[in-house]
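Notes follow the structure.
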Amino acid sequence: MTQTATPAELSYRMPAEWEPHAATWLSWPHNPDTWPGKFAPVPAVWAEFAKVLARHEAVHILAGGDAVMADARRHVGQLPNVTLHDIPTNDCWMRDHGPTFLVGPAGSRPALVDWGYNAWGGKYPPFDLDDQVPKRLAKLLGRDRFEPGIILEGGAIDPNGRGTILTSEECLLNPNRNPGLGRAEIEHYLRDYLGATRVLWLASGIAGDDTDGHIDELARFVGPRTVVAPREHDSADENFKPLEENWRRLQSFTDEAGRPLELVELPMPRPIYFNKQRLPACYANFYIANGVVVAPTFDDPADAEALATIGRVLPDREVVGIRAVDLAWGLGAFHCISQQEPRLT
């Protein structure tokens, strides 16, 4: 059912990604237009990702329609701990078209937030099936559904689970999402629906990112006060100025208790191009699951440093690098294609 009271009024919150999961949710890739001229290797990347995750937690994959279901079964149908669901999608970016799963106080009903979705400002129609995913999952899982009535993608927000949320001005203040809503109004929604008490605004995103500056390419909480963020040290690179501005802001931020953040620098890979288009290759687009972190690699000398850095900040988890060069042609990586369902308390 759809709730009328807000999640905050009922003491729900959005947990941090490293908190225990019940499952990971994916949508099976099937739209060749997302990887023009290079779709063939993409399903195998999903399969490798699912195989790693399934060793640590349940994996649920939306694979609606006969053809999509058949392809998903060929690739992952025999994997233990993987369940396929006949729920159709337009595309495969579960982080953005999926729900935000909430946790509540002991005895509360399971719940999720059903944000509106318009394919990053109407860039890639149709998106009608994607927009229905949260409602379908609420019904499938028997969760209460909160519907704020605004556009918001999961890749635009990153929480520490204690009330502080990272986001970016380029994305959440973009008029192609919610024209007429300013910073104060957006923060009101984050407070009411995610339990945010402090919102930290970075500026803009990296080259090639068609999401208008999603935070999961810019800065990620890996602990209540610890944030990893990429920096570009080549001053001639187009990512140098925006990433330095974001780093400057991170240095000035404090958490919900007024304490400064602990910053850890991630490297950037060398520029990657396909068909003369720069891809948004970035090590910050990793996914934290139970007992494992899956991070993108790019056949780059910085791969090893990036994986080692992630391992240092998340020492209780195995770090697995999966080659994401083909995936990046779709303009995303492992965080973009996954959504965590937290374990109920």
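Rank ASN275, TYR124, TRP46 by how far each Cα sits towards the positive end of the charge dipole of the range 8-342 (+1 on Lys, Arg Cβ; -1 on Asp, Glu Cβ) and give me just the farthest.
It is TRP46.
Which part of the range 203-235 falls in the paramagnetic zone of ARG270, meaning amide N under 17 Å from the point 7 Å along Cα-to-beta-carbon?
232-235
Given that just one value was derived from the coordinates, which of [x] 26, 26, 20; [y] 36, 30, 23; [z] 33, 25, 24 is semi-axes √(5λ) of the Cα gyration tensor in Å?
Correct label, based on the coordinates given: [x].
Please name whichever of SER11, PRO32, PRO159 sits farthest to the positive end of the charge dipole of the range 8-342, dipole taken about the Cα centre and charges placed at Cβ: Lys and Arg +1, Asp and Glu -1.
Sorting the options by dipole projection puts first SER11.
Under the 0.36 nm per residue contour assumption, what length would be gained going from the current alpha-carbon distance of SER108 and ARG323 to full extension?
Answer, rounded to one decimal: 73.4 nm.
Short version: ³J(HN,Hα) in whole Hz for each residue of the range 124-138, in order, from phi by Karplus 6.51 cos²θ - 1.76 cosθ + 1.60 (θ = phi - 60°), x for Gly and Pro, what are they?
9, x, x, 9, 5, 5, 4, 5, 8, 4, x, 5, 5, 6, 4
For the pair ARG278 and THR254, what calculated FRET efficiency results from E = 1/(1 + (r/R0)^6), where r is the Cβ-Cβ distance and R0 = 41 Å, to the nearest 0.05?
Numbers: r = 34 Å, r/R0 = 0.83.
Step by step, r from the Cβ atoms, then E = 0.75.
Nearest 0.05, what FRET efficiency do ALA8 and GLU245 give at R0 = 22 Å with Cβ-Cβ as r?
My answer for the efficiency is 0.10.
So how much slack lies between ASP316 and ARG343, counting 0.36 nm per residue of separation and subtracting their Cα-Cα distance, in nm?
That pair, ASP316 and ARG343, stretches by 7.9 nm at full extension.
Under a plain spin-label model, where a point goes 7 Å from the Cα along Cα-to-Cβ, how far apart in nm are ASP33 and ASP237?
In this crude label model, ASP33 to ASP237 measures out at 3.2 nm.
Find the lysine pairs in the range 8-342 meeting two conditions, Cα atoms under 23 Å apart and a separation of 8 or more places or different chains, and report how many there are.
Qualifying lysine pairs in the range 8-342: 6.
Using θ = phi - 60° and the Karplus relation 6.51 cos²θ - 1.76 cosθ + 1.60, list the HN-Hα couplings for the range 336-345 in order, rounded to whole Hz, with x at every Gly or Pro.
Karplus-based 3J(HN,Hα) across the range 336-345 equals 5, 9, 10, 9, 7, 9, x, 6, 6, 8 Hz.
Work out the length of the dipole vector of the chain about its Cα centre, built from +1 on the beta-carbon of each Lys and Arg and -1 on the beta-carbon of each Asp and Glu, and round it to the nearest 20 debye.
In debye, rounded to 20, the chain gives about 680.
Which order, highest average first, do 311-319, 161-169, 267-275 follow once you tally other Cβ atoms within 10 Å for each residue and take the mean per peptide?
161-169, 267-275, 311-319
Hey, can you grab everything whose amide H is under 5 Å from the amide H of ASP255? Only 5+ residues off in sequence or another chain; H modelled, so Pro and N-termini drop out.
Under 5 Å from the amide H of ASP255 lie the amide H atoms of LEU261, each far enough along the sequence or on another chain.
How much net charge surrounds GLY291 when only the other residues with a Cβ under 11 Å from the Cβ of GLY291 are counted, with Lys and Arg +1 and Asp and Glu -1? List each step's numbers first, then the result.
Details: positive: ARG55, ARG317; negative: GLU57, ASP316, GLU318.
Combined, the nearby Lys, Arg, Asp and Glu give -1.
Projecting each Cα onto the charge dipole of the range 8-342 (Lys/Arg +1, Asp/Glu -1 at the beta carbon, about the Cα centre), which of PHE286, GLY195, TRP329 comes out farthest on the positive side?
GLY195
So what are the ³J(HN,Hα) numbers for the range 71-79, from phi and the Karplus equation (6.51, -1.76, 1.60; θ = phi - 60°), rounded to whole Hz, Gly and Pro as x?
Going residue by residue, I get 5, 4, 5, 4, 8, 10, x, 9, 6 Hz, with x marking Gly and Pro.
Every read-out reported here was derived from the displayed coordinates using simple, explicitly stated rules and does not represent laboratory data. Predicted, not measured: the structure shown is a model, and the values here were computed from it. All Cβ positions, even for glycine, are placed from backbone atoms using ideal geometry, and neighbour counts span all protein chains on display.
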